[in-house]
1. Only loop residues by DSSP count here, and only those with at most 14 other Cβ atoms within 10 Å; note down the chymotrypsin sites (Phe, Trp or Tyr not before Pro) in the stretch 91-136 that meet that.
2. Pick out, from Leu79, Leu238, Ser105, the residue whose Cα sits farthest towards the positive end of the charge dipole of the chain, with +1 on the Cβ of Lys and Arg and -1 on the Cβ of Asp and Glu.
3. Report the antiparallel proportion of the DSSP beta bridges in the chain as a percent, rounded to a multiple of 5.
4. Residue farthest toward the positive end of the dipole of the chain, with Cβ of Lys/Arg at +1 and Asp/Glu at -1: which of Phe32, Thr115, Gly165?
5. Within a Cβ distance under 11 Å of Leu231, other residues only, what is the Lys/Arg minus Asp/Glu net charge?
6. Once fully extended, how much extra length lies between Lys189 and Asp43, figured as 0.36 nm per residue of separation less the alpha-carbon to alpha-carbon distance?
7. Quick one: dipole size for the chain, taken about the Cα centre, charges +1 on Lys/Arg Cβ and -1 on Asp/Glu Cβ, in debye to the nearest 20.
8. How much space per residue, in cubic angstrom, does the convex hull of the C-alpha atoms of the chain take up?
Amino acid sequence: MVFLKTGVVNLRYQLYDYFFGRTEKETCHKVFSKRIAYYQHLDEKGQREFVIRTLVFLKSVNIQSEPGFYVSREMKLLLGSAFVQITFGLRRDVLEHFKRIFIFSRPYSYKNMNTLFNGDVNPLTGSVNLSWPAVEMGFVVPTEGANLAIHEFGHCLILENRLCGIIKKILHPKHLQSWERLGLKQLVKIRQGKSELFRRYAGTNLMELFSASLENFFEKPYAFYAENPALYKSMCLLLRQDPRDPKTPTGFLHLLK
């Protein structure tokens with residue numbers, strides 16, 4: 001596919017487009033066309049905006065890794081794509097608080113702790129920590145409702161939303177309140193073992209439920225809708241997109257019936 005210089009709907013991204021080279025954008029397109037199911041189904045305009053948003057996001061963060069572990073350009077693009085997928089319907093296209101992404105070659109632990117982690121976010125240091133094998137698996141099998149990058153960026157979104165002033169809120173307060181109200185009911189269902197879709201860990205609290213909901217929202221949208229239509233529609237309003245319309249997910253309003 002020849003990546004044309006036309007077709008970006010949003011004027012802001014038309015302007016951003018001039019700051020990135022053709023080769024850079026073609027590389028994104030090739031990687032995403034091969035690895036990202038969400039991207040593969042977008043129309044041409046959507047794909048172009050997705051690429052530009054990813055490049056904007058990657059310019060805004062500092063990706064580091066443990067000594068001796070090389071993070072390739074493709075790996076960085078996959079990480080960026082996860083954040084863009086979540087926020088594709090929102091105005092926010094970067095993280096303002098979480099500016100550091102640290103990649104481990106394997107599950108990791110913290111001093112004086114025996115627990116191994118695949119991922120976590122640290123609001124104190126503004127860091128997102130990820131074990132690459134677990135991240136990679138989420139892109140290898142994109143239909144299991146398990147994507148670590150999406151999960152951890154979901155935590156970032158909620159935490160940053162809390163830190164924002166009322167004018168700069170990432171998520172619409174009314175829609176978030178509605179989601180939380182429905183989410184509390186879903187927590188009870190999960191804890192009682194009555195959910196066929198959500199893993200038990202999703203019932204830990206609303207923070208974990210939100211991230212688990214993101215994973216199912218993008219990877220199992222029809223199963224999510226079948227189990228809890230109200231919670232699914234609430235996610236659509238909150239994120240301003242509907243993955244059941246994969247070609248134009250942000251043109252979602254007509255599907256909320």
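1. Those satisfying the criteria are Tyr110.
2. Leu238
3. 35
4. Gly165
5. Taking every other residue near Leu231 into account, the sum is +2.
6. 48.9 nm
7. Charge dipole, the chain, about its Cα centre: 500 debye, nearest 20.
8. In the chain, the Cα convex hull volume per residue is 134 Å³.
No lab work stands behind these numbers, since they all come straight from the coordinates. Because the structure is a prediction, the values reported are computed rather than measured. No Cβ is skipped: glycine too gets one built from the backbone with ideal geometry, and neighbour counts run over all protein chains shown.
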